[in-house]
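Chemist: The structure follows.
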């Protein structure tokens, strides 16, 4: 009875404060647009399960499981309480928050049993919200414009790249043909030379051809070796850390008697924490203590990741060249440079083709003794053409690599290709290179791979890098980079909400979507509509 | 399931588990811990043959109300040939005391008058002072010659139905029924009793013990005690926490036991522990309870805090011993071995299992009454990283409409693992943070561990080292071990002065950044010492009064828990009930707070193992306990997490916790469906809080567990004896976990003759039957026992704090006589006023269509508690619809009776409707009747 008494007092006082349009005291917690539903003598539970009478509406006893009959009380756990929040946005609360002694609605309408007095803060809160929203909208407007421009630029650049690619491909074909012709000729010359040589000397000397070829081969190998070196180096590091870890992890129990008390303490603590122990921690080689147990954890085993390691190496060289502070690599410049190179190839090619054809024609197939001048010429041409061909192929593969990526609906993410963004948080520098990788750097030497590019997620509103360095007792590291609307492209926030699962925010004009702007504008419009004429009574 | 994992299969299980664990860097390392063969006292005791003891009781008499005797070697003439047992050099003193309620206490120690090199350690402050007052002053002893004996036996009164018999030669002590003379519990029936008296080192004798590079100097030499205890008429024995084993303890030695290792009681911080292992875990209670066919139960408790090893001997273990025991009685024999201390043993005569627990808790104290909030849901993780994290997690609970009461901070919240400090970067505003939580009625718990960082700028260390409050190493210097903070020392909490000093550190003026809504968690108090032998403290470390750590070890955590708990009482001027969770425990821990089962693992086996572990703790007095929901190590699949929440909602202590390397697993992180399932599981707990709190109060007054084995409620139903998959919450609720992935069906045995009602759908099931049920996604099987009344609150809130004024629902489950009974206990949920009678305690009785509310509070109470809360709904299960009205008296008002849902949550329960008395608005603190008309 007492409850009912409180309820009616509270409702009456609430009624007094409401505008005169409020229809009935039992309509507490009902949205205005829903009031008609409740204007009958018998009302249906929304889930259709049963019916209830008007007297049972908000009588503080739950009749409908879905809470239809108790929009204004806490009686039904699944009920929702509607706060009008005049001056701000209306909200819908869980019934668990009605009369729980905590003010949830800014108009205080959720607390009416007299146990707590809630101040109406809708007007202040609303104004703050509107101002904030306005600022956000202003930024979005500018951002959307920038985005449009960037999208155009990206489209243009992509089509240029594509055009370049097709030109390059055509020319790769003809270059390839030329190189082959030169090669055949070169071999004939060399064969002839060999024969001549044999005739000249009766001694058994290593022939020129072999000599030449071996030099060539070793040259090729050289370039290969440098690649191998990179991988080998990584592997070496891996196996080194593996070795260290083995000491820690596996020899631990056996060598425990040789360890100092402190070492034992650290070792045992590391079981729970996975932290490296003792000096190993200080050298900070980056690997976690158990990675060594399974050396392959860090070592890319499939072709893809091997390639990544290679790329990674290349990029660090590039970065060094770019000088440390400027991570932002202006993609356009690079492009022009490559474009220039292509044009250069084209004109050179035309010239070369003529020259070579002439050369090929002029050199008599069977003339003997050989004209040394001609032979040298052929060799030189062959060498140059080969170099040109491999340059062209390199460029083709880099363009193909770039264009094979999902660059967004309008290719808008083209502008992020080849760029890196970084931010410093505490002792770590986080570096995100879209389409490539994400790393965490601590000081100069301690680098942890947070992940390699995987894909866009959540309809291009987030980038996912996965398969990073393994975690002790946990998954491989990964990072999700959420895109937010911002006027500059910068990394603003990095967090590790779950162990080894990182979350970052990249603010960029690319995140300023027109649709979202419209939505915000709509929201502001609604907020302004809710503004009461004279809100003194609040 | 446990029964299928018999002794012979254990090695395979171990292998299997080890292979599972091998994907993590480390797993449980068997060889890091001593087994019995590596433990000289255990090896020695275990290798002794029945009949080895040649002691007899001499000079038996009554003095100071006790039955006393001296144990001396049997005179040489009567000793059998070839016996070279080096028995005692000096007579031992024996005394038997009898206490009210069927409790016998046996003490055997060296005679202080004969100048032993050292006083043996007796564990102080475990036996409560009220117990001492219940001693019965013995004035009469009768003599009797037992069948086949030549020497007499002395018989004294124990209780109305039982008497105690001290057999003089050979020395034996047992409890028997007066009428039938059949035995109940006995000690030294196999003459395995052994007592290594302290002595001077013999020339050339080696006392040192070495294990894994650690040397134990053992300056006092061998001092172990062992003896056999037999339980007559027993079908199984239970107890001896803490082991991750089945509820009924499997034999550890004898025919059919392959992997013979006794149950070890030695508090250890075991990394990634395994189930089905007799190795010791974080706590130790040397209590064993036996149950026999007739529902008759007895118990045995050895108050001793040194390392203990206990064998449960398989039938036929002594086939070749030639000793004759009363053979008509089925019996379970056990062997108890301890490294040091004295014999201070308690025999509990039962007669039922509830009586045994009540007797045991009469000795060691009844469980503390927790604050109400502590009985709700706790959210923990190692670690909630910073204030922002805390704020976000807190907000997400509201956003998802999931109630919770307590947010926990693990070790990372401190400034470099200096407890009672805060990391200034991550937690710059601890008071503000706690106040924000408190504004929503929520509480916070921070961790405070016993290892103190050796840093002169740390105030605790500075004071403790200056005052000499640390445990000393064998050379007398402050013991220096390694733990989370690095080099650490350990407070000597055996000293009352140190405890008192330490408890003052919890004062608001001392613990900076603490507020009244902050409570405490004690971890690592085994104590865990990373570079110590078996990850603990050396046994020759020295405590207050020259006590060696070996003597005290198992009670170290107990005293630390005690100091912390007392600290919180002091902090609140004796007006605020403490809440302290501890990992280590000992007999009596129930007086200081709750316990959890330590670092479990996110797998189905650990989910299953949690039930017998918690049940065993409950039998041993620690009724407020739980396991980490979700599993501490590893990442649970959503299904496992959901099932764990569904089970955990019925644990007395309901907390989710996770290792720092695991993925975040707050309830909303696994998609909408799983969020809903977890919300529902937590809702079930909140709905049942009034019932839980009432059972907590029952436990507080009787010592009975919250979570009980089925056989505790149905001791004469043998089908319950091997069941540790299902359990009772209080006496009215039965819960069956689902312990397998993608379970289609679940079998549940419902004991007794009466019906059971599905807790959420109201469907009826017959008793004394195993039912094969469809495994539902949204809940595990739970049933209300016919003949009971369960009080609920059907409105969920952010936390239990906001539920205080919410109305109640009573669910009446009718039995075959169409009757039911239940209780409701309410107090302020916070203070100690209830001790002065400031509480509401009602008994609801339903019979002949009438519900009556009766007052159970005593008349002489000096304080009063009132409530404006009403009962908003009465549900009748098993009542055929018919009556349209109910008449309320004395108000003389008719209220409507109709059909309504059993639970107010779609998806939970079924759509079928049950008889409901609508809005009776009955004041909860008044007498009234409601009659269906």
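Chemist: Being within 13 Å of another protein chain (Cβ to nearest Cβ) and either part of a loop (DSSP other than H, G, I, E, B) or closer than 27 Å to residue A:67 by Cα (or both) is true for just one of B:920, B:883. Which residue is that? Steps first, please.
Modeler: Working: B:883 fails: within 13 Å of another protein chain (Cβ to nearest Cβ).
It is B:920.
Chemist: Just to be sure, is residue A:472 surrounded by 16 or more Cβ atoms within 10 Å (Cβ to Cβ) and touching a helix residue (DSSP H, G or I) at 6+ places or on another chain (Cβ under 8 Å)? Break it down into steps so the answer makes sense when it comes.
Modeler: Details: surrounded by 16 or more Cβ atoms within 10 Å (Cβ to Cβ): yes; touching a helix residue (DSSP H, G or I) at 6+ places or on another chain (Cβ under 8 Å): yes.
Criteria met by residue A:472.
Chemist: Can residue B:53 be described as part of a loop (DSSP other than H, G, I, E, B), buried (at least 19 other Cβ atoms within 10 Å of the Cβ) and either modelled with pLDDT of 95 or more or out of contact with any strand residue (DSSP E or B) (no Cβ under 6 Å at 6 or more places or on another chain) (or both)? Steps first, answer last, please.
Modeler: On the way: part of a loop (DSSP other than H, G, I, E, B): yes; buried (at least 19 other Cβ atoms within 10 Å of the Cβ): yes; either modelled with pLDDT of 95 or more or out of contact with any strand residue (DSSP E or B) (no Cβ under 6 Å at 6 or more places or on another chain) (or both): yes.
It is true that residue B:53 is part of a loop (DSSP other than H, G, I, E, B), buried (at least 19 other Cβ atoms within 10 Å of the Cβ) and either modelled with pLDDT of 95 or more or out of contact with any strand residue (DSSP E or B) (no Cβ under 6 Å at 6 or more places or on another chain) (or both).
Chemist: Would you please list the contacts, defined by Cβ atoms under 7 Å and residues six or more apart or on different chains, that run from a residue in the stretch B:268-279 that is under 21 Å from residue B:556 (Cα atoms) to a residue that is modelled with pLDDT under 75 and buried (at least 21 other Cβ atoms within 10 Å of the Cβ)?
Modeler: Once the first residue is under 21 Å from residue B:556 (Cα atoms) and sits in the stretch B:268-279, its partners that are modelled with pLDDT under 75 and buried (at least 21 other Cβ atoms within 10 Å of the Cβ) give B:271/B:26.
Chemist: Also, quick follow-up: Out of everything in the stretch B:185-211 that is touching a helix residue (DSSP H, G or I) at 6+ places or on another chain (Cβ under 7 Å) and more than 14 Å from every other protein chain (Cβ to nearest Cβ), what residue ends up being surrounded by the most Cβ atoms within 10 Å (Cβ to Cβ)? Quick ask: steps written out before the conclusion?
Modeler: First, pick out the residues of the stretch B:185-211 that are touching a helix residue (DSSP H, G or I) at 6+ places or on another chain (Cβ under 7 Å): B:194, B:209, B:211.
In the following step, the residues that additionally are more than 14 Å from every other protein chain (Cβ to nearest Cβ) were identified as B:194, B:209.
Numbers: B:194: 22, B:209: 18.
Here the residue is B:194.
Chemist: Which residues, taken from the stretch A:50-68, are under 17 Å from residue B:916 (Cα atoms) and in a loop (DSSP other than H, G, I, E, B)?
Modeler: A:50, A:59, A:60, A:61, A:62, A:63, A:64, A:65 - these are the residues of the stretch A:50-68 that are under 17 Å from residue B:916 (Cα atoms) and in a loop (DSSP other than H, G, I, E, B).
Chemist: How about the stretch A:92-110: which of its residues are in a loop (DSSP other than H, G, I, E, B), within 14 Å of chain B (Cβ to nearest Cβ) and over 12 Å from residue A:76 (Cα atoms)? Don't jump to the end; show me each part of the working.
Modeler: Going residue by residue through the stretch A:92-110, those that are in a loop (DSSP other than H, G, I, E, B) are A:98-110.
Checking the rest, the ones that are also within 14 Å of chain B (Cβ to nearest Cβ) come to A:98-105, A:110.
Within the stretch A:92-110, A:99, A:100, A:101, A:102, A:103, A:104, A:105, A:110 meet the criteria.
Chemist: Quick one: which of B:612, B:527 is in contact (Cβ under 8 Å) with a residue 60 or more places away in the chain, closer than 30 Å to residue B:739 by Cβ and either under 20 Å from the mean Cα position of the chain (by Cα) or outside any strand (DSSP E or B) (or both)? Break it down into steps so the answer makes sense when it comes.
Modeler: Working: B:527 fails: closer than 30 Å to residue B:739 by Cβ.
The conditions single out B:612.
Chemist: Now for a different question. Considering (1) more than 21 Å from residue A:144 (Cβ to Cβ); (2) part of a loop (DSSP other than H, G, I, E, B); (3) over 13 Å from the mean Cα position of the chain (by Cα), say which one residue A:435 fails and leave the rest.
Modeler: It fails just one condition, (3).
Chemist: Looking at the stretch B:131-175, which of its residues are in contact (Cβ under 8 Å) with a residue 24 or more places away in the chain and closer than 30 Å to residue B:562 by Cβ?
Modeler: Within the stretch B:131-175, B:131, B:134, B:135, B:136 meet the criteria.
Chemist: The conditions are (1) in contact with a strand residue (DSSP E or B) (Cβ under 9 Å, 6 or more places away or on another chain); (2) over 30 Å from residue B:806 (Cα atoms); (3) within 14 Å of chain A (Cβ to nearest Cβ); (4) modelled with pLDDT of 95 or more, and residue B:662 fails exactly one of them. Which is it?
Modeler: (4)
Chemist: For residue A:143, state whether it is in contact with a strand residue (DSSP E or B) (Cβ under 7 Å, 6 or more places away or on another chain) and surrounded by 14 or more Cβ atoms within 10 Å (Cβ to Cβ). Write out each step before concluding.
Modeler: Working: in contact with a strand residue (DSSP E or B) (Cβ under 7 Å, 6 or more places away or on another chain): yes; surrounded by 14 or more Cβ atoms within 10 Å (Cβ to Cβ): yes.
So residue A:143 fits the description; yes.
Chemist: Wholly within the stretch B:684-759, which strands (runs of 3 or more DSSP E) include no fewer than the required count, namely at least 3 residues that are more than 22 Å from the chain's Cα centre (by Cα) and under 24 Å from residue B:902 (Cα atoms)? Don't jump to the end; show me each part of the working.
Modeler: Working: elements: B:726-729, B:733-736, B:745-750, B:756-758.
It comes to B:745-750, B:756-758.
Chemist: Among strands (runs of 3 or more DSSP E) lying entirely in the stretch B:423-484, which contain 2 or more residues that are more than 30 Å from residue A:103 (Cα to Cα)? Let's see the steps before the verdict.
Modeler: On the way: elements: B:443-447, B:451-453, B:481-483.
Of the strands (runs of 3 or more DSSP E) lying wholly inside the stretch B:423-484, those with at least 2 residues that are more than 30 Å from residue A:103 (Cα to Cα) span B:451-453, B:481-483.
Chemist: What do you reckon, is residue B:206 out of contact with any strand residue (DSSP E or B) (no Cβ under 9 Å at 6 or more places or on another chain) and under 22 Å from residue B:364 (Cα atoms)?
Modeler: So residue B:206 does not fit the description; no.
Chemist: Sticking with this structure for a sec: Would a scan of the stretch B:402-418 turn up a residue that is over 24 Å from residue B:662 (Cβ atoms) and away from chain A (no Cβ under 11 Å)?
Modeler: Within the stretch B:402-418, one or more residues are over 24 Å from residue B:662 (Cβ atoms) and away from chain A (no Cβ under 11 Å).
Chemist: In addition: Pick from B:842, B:873: which is in a strand (DSSP E or B), over 32 Å from the mean Cα position of the chain (by Cα) and in contact (Cβ under 8 Å) with a residue 60 or more places away in the chain? Give the steps one after another, and end with the answer.
Modeler: Values: B:842 fails: over 32 Å from the mean Cα position of the chain (by Cα).
When all the criteria are applied, what remains is B:873.
Chemist: Any residue in the stretch B:136-152 that is surrounded by fewer than 20 Cβ atoms within 10 Å (Cβ to Cβ) and within 31 Å of the chain's Cα centre (by Cα)?
Modeler: Among the residues of the stretch B:136-152, at least one is surrounded by fewer than 20 Cβ atoms within 10 Å (Cβ to Cβ) and within 31 Å of the chain's Cα centre (by Cα), which makes the answer yes.
Chemist: Just to verify a result, which residue in the stretch B:892-905, among those that are touching a strand residue (DSSP E or B) at 6+ places or on another chain (Cβ under 7 Å) and either surrounded by 23 or more Cβ atoms within 10 Å (Cβ to Cβ) or within 13 Å of chain A (Cβ to nearest Cβ) (or both), is farthest from residue B:931 (Cα to Cα)? Outline the logic, then answer.
Modeler: Residues of the stretch B:892-905 that are touching a strand residue (DSSP E or B) at 6+ places or on another chain (Cβ under 7 Å), as a first pass: B:894-900, B:902.
Keeping just the survivors that are either surrounded by 23 or more Cβ atoms within 10 Å (Cβ to Cβ) or within 13 Å of chain A (Cβ to nearest Cβ) (or both) gives B:895-900, B:902.
Numbers: B:895: 10, B:896: 12, B:897: 11, B:898: 14, B:899: 17, B:900: 18, B:902: 20 Å.
Restricting to residues being touching a strand residue (DSSP E or B) at 6+ places or on another chain (Cβ under 7 Å) and either surrounded by 23 or more Cβ atoms within 10 Å (Cβ to Cβ) or within 13 Å of chain A (Cβ to nearest Cβ) (or both), the top hit is B:902.
Chemist: Is it true that residue B:672 is free of Cβ contacts under 8 Å to residues at least 60 places away in the same chain and at negative phi? Even if it seems obvious, please write down each step before you answer.
Modeler: Details: free of Cβ contacts under 8 Å to residues at least 60 places away in the same chain: yes; at negative phi: yes.
Answer is yes for this residue.
Chemist: Would you point out the residue of the stretch B:279-295, among those that are part of a loop (DSSP other than H, G, I, E, B) and more than 19 Å from residue B:526 (Cβ to Cβ), that is modelled with the lowest pLDDT?
Modeler: In the first step, residues of the stretch B:279-295 are kept if they are part of a loop (DSSP other than H, G, I, E, B); the result is B:279-282, B:284-286, B:293-295.
Subsequent filtering for residues that are more than 19 Å from residue B:526 (Cβ to Cβ) retains B:293-295.
Working: B:293: 91, B:294: 86, B:295: 92.
Only one residue fits best here, namely B:294.
Chemist: Hey, does the stretch B:504-523 have a residue that's at pLDDT 95 or above, under 16 Å from residue B:580 (Cβ atoms) and within 14 Å of chain A (Cβ to nearest Cβ)?
Modeler: From the stretch B:504-523, those at pLDDT 95 or above are B:504-523; that's our starting set.
Pick out the ones that are also under 16 Å from residue B:580 (Cβ atoms) and you get B:504-507, B:511, B:514, B:516-523.
From what is left, the residues that are within 14 Å of chain A (Cβ to nearest Cβ) are B:523.
Yes, some residue in the stretch B:504-523 is at pLDDT 95 or above, under 16 Å from residue B:580 (Cβ atoms) and within 14 Å of chain A (Cβ to nearest Cβ).
Chemist: Out of B:581, B:641, B:607, I need the residue that is surrounded by 24 or more Cβ atoms within 10 Å (Cβ to Cβ) and assigned to a strand (DSSP E or B). Which one? Walk me through how you get there before you give the answer.
Modeler: Details: B:641 fails: assigned to a strand (DSSP E or B); B:607 fails: assigned to a strand (DSSP E or B).
Exactly one of B:581, B:641, B:607 is surrounded by 24 or more Cβ atoms within 10 Å (Cβ to Cβ) and assigned to a strand (DSSP E or B), namely B:581.
Chemist: Please enumerate the residues belonging to the stretch B:765-806 that are closer than 15 Å to residue B:373 by Cβ and touching a strand residue (DSSP E or B) at 6+ places or on another chain (Cβ under 7 Å).
Modeler: B:793, the sole residue that qualifies.
Chemist: Just give me the residues in the stretch B:380-423 being farther than 25 Å from residue A:273 by Cβ and crowded, with 22+ Cβ neighbours inside 10 Å, in sequence order. I'd like the intermediate steps shown before the answer.
Modeler: Here is the first cut: in the stretch B:380-423, the residues farther than 25 Å from residue A:273 by Cβ are B:391, B:394-405.
Across the stretch B:380-423, the qualifying residues are B:397, B:402, B:403, B:404, B:405.
Chemist: Mind checking whether some residue in the stretch B:263-276 is surrounded by fewer than 24 Cβ atoms within 10 Å (Cβ to Cβ) and closer than 15 Å to residue B:238 by Cα?
Modeler: So far as the stretch B:263-276 goes, yes, one or more of its residues are surrounded by fewer than 24 Cβ atoms within 10 Å (Cβ to Cβ) and closer than 15 Å to residue B:238 by Cα.
Chemist: Working carefully through the options A:205, A:141, A:119, A:147, find the one that is outside any helix (DSSP H, G or I) and modelled with pLDDT of 90 or more.
Modeler: Going through A:205, A:141, A:119, A:147 in turn, just one is outside any helix (DSSP H, G or I) and modelled with pLDDT of 90 or more: A:119.
Chemist: Which residues, counting only those in the stretch B:800-839, are under 26 Å from the mean Cα position of the chain (by Cα) and assigned to a loop (DSSP other than H, G, I, E, B)?
Modeler: Those that are under 26 Å from the mean Cα position of the chain (by Cα) and assigned to a loop (DSSP other than H, G, I, E, B): B:828, B:829, B:830, B:831, B:832.
The values are calculated or read from the model by the stated rules, or taken from the named source; none is laboratory data. Bear in mind the structure is a predicted one, so any value in this text is a computation, not a measurement. As a convention, Cβ positions derive from the backbone with ideal geometry for all residues, glycine included, and neighbour counts pool all protein chains shown.
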